[in-house]
Structures are given as C-alpha cells and as structure tokens.
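Below you'll find the structure, written out as structure tokens, and then a few comments.
Any read-out appearing in this document is the output of simple, stated calculations on the displayed coordinates, not a laboratory observation. This structure is a prediction, so every number in the text was calculated from the model and none was measured. Positions of Cβ are backbone-derived with ideal geometry, glycine not excepted, and every protein chain shown enters the neighbour counts.
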Amino acid sequence: MENKGVMIFAEVTDGKLSPITRELLGAGRKLANDLGEELSAIIAGSGVVSTAAKIAAGVTDKVYVVDDPLLKDYCTEAYAAVVEKVCQIAHPRILLMGHTTIGSDLAPRAAFRMGTAAKTDCIALDIDDMNKQLLVTKPIFGGNALAVFTMETFPQVATIRVKSMTTQAVESTGKGEIIEVALGLDPAAVKTTVLQKVVAENEGVKLEDASVIITGGRGMGGPEGFKQLEELAKLLKGAVGASRPACDNGWVKDIMQIGLTGKIVSPDVYIAVAVSGTTQHLAGCSGARNIIAINKDPDANIFTEARFGVVGDWKKVLPGFEAEVKKLMGK
Amino acid sequence: MKMIVCVKQVLDPEAPPTKFKIDPNAYNVLMPSDAAPVLSPFDEQAVEAALRIKDANGGTISVISLGANLQRDVVKKPLSMGADELILLEDPAYVDGDSWSTGYALAAAIKKLGQFDLIFCGRQAADSDSGQVGAAIAEILGLTQVTVARKVEVMDGKVRVERVTADGYETIEAALPALITVSNELGEPRYATIKGIIEAKRKEPIVWKPGDIGLDTFKIGAAGSRTRMVKVYQPVHVSKCEMVAGANEEDAGKNLAKKMAEARLL
C-alpha cells in the first residue's frame, strides 16, 4: 500500500496538548499542504485523551486515539506498539514527533520496528519537489555543521527540536474525524514499571517561560557566584540557567542545564556570564532574541552570537552592572 | 552480571569550533590536524555506569567499538578504567553507516558474545548526535530499553534506572536483560589507574570482521543504511557583537546596563 499523508505524534500534558504538539501541528500542516495530502495525529494515553483529541481534531483531518490503561505512564514498549498499530491502519508517508523525553526515546524504536528509519533533533523540514521525499535538516557535531538527510523507507520518521518550528494556532472547529484504535497489547509485553516521578523544578520563573535568563558557565568557578546571578535574576524578573560544566561540577542542579542535552530556551534577553559558548551550549540558547555576553576571554565563542559584550572578569563587571540596573529601574 | 558497553571513537567535541572544517563534497568532516580522536564522552559515562554495577554487584564488562582506523590508545581506555575485554568491529565495510546499519552490526557481535544481562550505550554520539544506535540494538535483540539514564542500579534481579526528564527524573524498574543509554548527569567517569593502564597495554583487542559474525557486507555500513545525507555545510556566523568598554571592568558593567536600557532590553 502506498504511504500517504503526514502524521504527528501528539503529546498530552494534564489533558492538554503540550507546546511541542502545537509545533508539530504547525510543521505537519505545512508539509501536508506542500504535498497536497492529509494531516493526521496520534493521541495516546489512559483516560485523559478525549479533550485533547477534540482539540487536535480542530486542526487535523484525522485523529487516531488509543486509550488504554497500559498507556498511563510512558513506556517504550507500549507506545511503540501504539505507533506501529496506527501506522498499519493509516500508512502515513511522514511521521513527526517532538525531540522530547518521550519522542527521542520512541521515534527510533518505533521506526526500526516498522522497518524504517528516523532522524532525530531536526530543525527544518522540507519536501523535495522532485520526488515528494522528506528532507530534514539536523545539526551534527554539536551544531558545528548542519546536514540534510532523507530516509529511503516509509514512513519517514523525524523528531523536531523544541522551539524550532512555528506553532499552529489551535482552534476548536472540530472538522477532523476521530478514530478510536484498540491497542490490544498483552500486558506481559511491558517489562518496565515507573516507580516514581521526581519533579526537581527550580523556584521562581521557569526557564522555558522566562523572558530574561542569566546563565553562569564554567568560568563561575564554583557555586558561590550563582547566588549573585540569582539576585540579578530576581531584579530582572528572570530565571538562572547554567552551562553543562557548571552542572557537571555539581555547582547547580542538573535541571538548570541549557544546551543540546539540556533545556532549549528562547528568552528576549539571555545574559551569558563566564560561558565560553560551545556550539553545544548555543544549541540551547540561540533562539534568544538578544544574547549579552560577559567573559574575560576576548576570543570566547559566545561573543560571535552576542548583541552586546563585555570583556572582563564577571566578579568586577557584575557589581557595576547590577548597581546601574538598580539605578535605571529607580530602585 | 554480564555487561556489554558500546563505545564510539569520535573527533574531540571539546576542540574549539573555529578549528572545525567540513568537506561538503565528500559528506565528510575534516579532522583538525592537532585534534586527536577521543571516545564519545557519553560512551565513557556508559562505561562508568557499568563499572559502578561491577563494583556493587560483581561481573564482567565487554566493550565493543565499531569503525575503521580505531586508535588503540583511544578504544583501550575502557580497559584501563576496569573493563575486562575489548572487541573491535574494525573493517571499512562497517563505516559510514547510519544508526540502523551500525546497530545491526553491533547486535550481531552481541549475539556472538552470548548471554548477557545489561547493554550500555551513550545517550548519543558526539559527532552524529543521533541517539538511535541503542534503540536499533534493543529492537533487533528484542530488549527492553531505558534511555537517558542518570543512575543505574541492579537489585533483586532487576535494573533500576533514574531517567532524566524535562522537569526532573523518573525511576524505572525493568526486567533483565535490558539496554540502557547513559547521560552526563550520571557523573564524571573515573580516571584510569596505573594498574589499569598496564593491564590494558597487555590486553589485545579481539577483532571481528563482518564474516566472523555472519554479516553480509550489503547489510552494514553505508550499504545497509536506510537514510542518506544529501548535503552537509557549516552555518555561517557573522558576528554583530557590539563590545562595551569602560574606564575599568566595573565601569564597563555600568555601561552595559546603559546600553541595554537604550536598546530597551531592561
């Protein structure tokens, strides 16, 4: 059977479509329009998917709903079975997922199970006019190079980087058809149990939502300096982030890591303090509208991405900066 | 515990970005002359995860690496850290594959090794940044997979994994055998000991050619790939950074605040 149409794997949080799902819908809709084919969605979970399915139906042609107690917590085996089952019914040409905790685990496994292949963490998607093949752009070598790939098997599976695509406005016109699919999986096939979920969120503004982020890097030299960054963040109503070395050294919580393997953020203002600016770090913050860099090394890579930069020791630059900010804010 | 760790030799990801060059015609990355290859850092952490279980529960660790021109001092590093044996899938036919064809070859080698309890991989290689070889091995061997681990323990015949999530972590218990991919949150890999280095020098890796593990060359490497690179290029960065100075560093900080206020960034 010929593979046709674009399908997205929707992620649902607290009964609502996650932000990544709106990006997937936006990206999927564009590809579907380019192809002149349908856009559909998979929504899977346990008892919480009906509202989300109605919302997704507003912007898709078909929504495949799989509701099963085995899908209460994410587990690779059950969710791979969902994807396989729905694709056997729908035969999509393209299957998109988010490059998230779930999508990055699920996409390769489900793709290999279906005899096809995936590309992960893609930042651009296009259709080759010549043969209708999906072309994905993906940073490699930590972002030092960009590569364009195609897959020679169907469905062509790709995960997209968080915050890399234009989101789709979700209306609730409900024109899409909702199709319920039974999972029919033997519970014995699931050999994992989620014992606990630990939320280690930072206090105050969430990094993903912050309009101002102050990030400390390797050059902070220890946990002490981060107190100063927190003070500054409070003043600017922002959040504090960290580069990977600062987390790996145990100066701050892992959850604060910004970069390729951490959080991807897109604030209005991103102040990088003593951050050298490896491409792996820039992968997490290059979506910021304005990067401000403070670094004592004039050749630090972070300056290539910055709008304003100060060459100097943060221990001396920051007090002056903070005093002037207070003055300007009338505090 | 019988454990297997898959490791990859890559260009040093810590090398400065300015030294990085690609050859767009060859779909290839040119190695800077002064940058020696290293083990992909997440793979070293995968070795560390296995060593911690060996410390706690006992057992053996077999390390497998696939590629061509594998530098012995690089791929022997896990031995010097405390792994027991090293198997190299070293042949031009293995290279330039995608996640699928690479995983396919590694799975064949693992089958030849026989029974095992745990397989470890890094969460993604520092060059391809793909993070799929673990899933390919797990799918081929029909194993449970748990990805992006920050802690791995074996207790009561099961493996308990703390898996990194967007807002913290979740603890997952899985039956053995299982495949785990390891993230940097696990912590720094241990240093090689002098004794380890000496023992690693003595140990010769076992080299398996495709024929040794029953593989047809059209199923591995570039020939066995399901994906194809159609273009590779280096993004061009034009620096537009306005440097803000001052009479001294504190003064420069003040001027930065003024600049930001002018640009309505405060």
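Give the order of B:CYS6, B:CYS241 when sorted by the count of other beta carbons within 10 angstrom, beginning with the fewest.
Lowest to highest Cβ neighbour count: B:CYS241, B:CYS6.
Using 0.36 nm per residue, how much length does the chain from B:ASP212 to B:ASP12 gain when fully extended, once their Cα-Cα distance is taken away?
Extending this stretch completely gives an extra 68.9 nm.
Per-residue mean of other chain beta-carbon atoms within 10 angstrom of the beta-carbon, peptide A:146-154?
The mean count of partner-chain Cβ atoms within 10 Å per residue comes to 5.
Under a point-charge model restricted to the Cβ atoms of Lys and Arg (+1) and Asp and Glu (-1), what is the dipole moment magnitude of chain B relative to its Cα centre, in debye to the nearest 20?
Here chain B has a charge dipole of around 260 debye.
Shape of the protein assembly as shown from its Cα gyration tensor (a ≥ b ≥ c, root eigenvalues): rounded if a/c is under 1.5, otherwise prolate when a/b > b/c, or oblate?
Note, shape of the protein assembly as shown comes out oblate.
How long is the gain from A:LYS227 to A:LYS296 if the chain were fully straight, where each residue apart is worth 0.36 nm and the alpha carbon distance is subtracted?
22.9 nm
Run the simple label-point estimate for B:HIS237 and B:ASP84 please: 7 Å along Cα→C-beta, distance reported in nm.
4.6 nm
How big is the charge dipole of the protein assembly as shown about its Cα centre, in debye rounded to the nearest 20, if each Lys and Arg gets +1 on its Cβ and each Asp and Glu gets -1 on its Cβ?
560 debye
For B:ALA245 and B:TYR191, calculate 0.36 nm times their separation in residues minus their Cα-Cα distance, and state this gained length in nm to one decimal.
Length gained between B:ALA245 and B:TYR191: 15.2 nm.
Where q = 0.12 Å⁻¹, what log10 of I(q)/I(0) comes from the Debye formula for segment A:6-189, counting one point per Cα?
Reported log10 I(q)/I(0), two decimals: -0.50.
Most exposed first by the Cβ proxy, i.e. fewest other Cβ within 10 Å, how do A:GLU37, A:GLU231 rank?
Exposure proxy ranking, most exposed first: A:GLU231, A:GLU37.
Among A:ASN144, A:PRO155, A:ALA189, which residue has its Cα furthest toward the positive end of the charge dipole of chain A, with +1 on Lys/Arg Cβ and -1 on Asp/Glu Cβ?
Ranked along the dipole, the leading option is A:ASN144.
Between A:ARG29, A:ARG289, A:ARG161, where does the largest GNM mean-square fluctuation fall for chain A, given springs only between Cα atoms within less than 10 Å?
A:ARG289
Which one of A:ASN301, A:GLY225, A:VAL198 is farthest out on the positive end of the charge dipole of chain A, using unit charges on Cβ (Lys, Arg +1; Asp, Glu -1) and the Cα centre as origin?
Checking the options against the dipole of chain A, the answer is A:GLY225.
Would you mind computing, in nm to one decimal, how far apart the modelled labels at A:MET1 and A:THR166 are, each placed 7 Å from Cα along Cα→Cβ?
Going by the 7 Å Cα→Cβ label model, 3.3 nm.
Using each residue's phi in segment B:219-234, evaluate 6.51 cos²θ - 1.76 cosθ + 1.60 at θ = phi - 60° and report the 3J(HN,Hα) Karplus result to the nearest Hz, with x for Gly and Pro.
Couplings: 9, 10, x, 4, 5, x, 6, 9, 10, 9, 7, 9, 6, 9, 8, 9 Hz.
Using Cα springs under 10 Å in a Gaussian network model of chain A, which residue among A:LEU195, A:LEU318, A:LEU96 shows the largest mean-square fluctuation?
Per the Cα network of chain A with a 10 Å cutoff, A:LEU195 tops the list.
Round to a whole angstrom and tell me the spacing of the C-alpha centers of segment A:186-219 and segment A:1-35.
24 Å
Quote the charge dipole size of chain A about the Cα centre in Debye, to the nearest 20; the model charges only the Cβ of Lys and Arg (+1) and of Asp and Glu (-1).
760 debye
At A:LYS16 and A:LYS253, where each label point lies 7 Å from the Cα along Cα→Cβ, what is the point-to-point distance in nanometres?
2.1 nm
Tally the DSSP beta bridges in the protein assembly as shown and give the antiparallel ones as a percent, rounded to 5.
If I count the DSSP bridges inside the protein assembly as shown, around 35 percent turn out antiparallel.
Two decimals is fine: what's Rg over Rh for segment A:153-224, C-alpha atoms, Kirkwood radius as Rh?
1.09
Please report, in Å, the Rg and the Dmax of segment A:212-328, where both are computed over Cα atoms only.
Computed over the Cα atoms of segment A:212-328, radius of gyration and Dmax are 12.6, 38 Å.
Taking just the alpha carbons, could you work out the radius of gyration and Dmax for chain A, both in angstroms?
22.0, 69
Using a Förster distance of 35 angstrom, determine the FRET efficiency expected from the C-beta separation of B:LEU176 and B:LYS203, and round it to 0.05.
Here the calculated transfer efficiency is 0.85.
Using the 10 angstrom Cβ neighbour count as an exposure proxy, how do B:SER101, A:SER104, A:SER164 rank, fewest first?
Exposure proxy ranking, most exposed first: A:SER164, A:SER104, B:SER101.
I'd like to know which of B:ALA83, B:ALA247, B:THR171 lies farthest towards the positive end of the charge dipole of chain B, counting +1 on Cβ of Lys and Arg and -1 on Cβ of Asp and Glu.
B:ALA83
Which one of A:MET97, A:MET151, A:MET130 has the biggest mean-square fluctuation once chain A is modelled by GNM with Cα springs under 10 Å?
Taking springs between Cα atoms under 10 Å, the residue moving most is A:MET130.
What's the long-distance tail for chain B, i.e. % of Cα pairs beyond 30 Å?
The calculated P(r) of chain B puts 37 percent of pairs beyond 30 Å.
Taking the Cα of B:ALA68, stepping 7 Å toward and past its beta carbon, and measuring to each backbone N in segment B:96-134: which are under 11 Å?
Only B:96-97 fall inside the zone, counting backbone N under 11 Å.
Let's test the formula: R0 of 22 Å, r as the Cβ-Cβ distance of A:THR153 and A:SER50. What FRET efficiency results, to the nearest 0.05?
Computed FRET efficiency for A:THR153 and A:SER50 comes out at 0.10.
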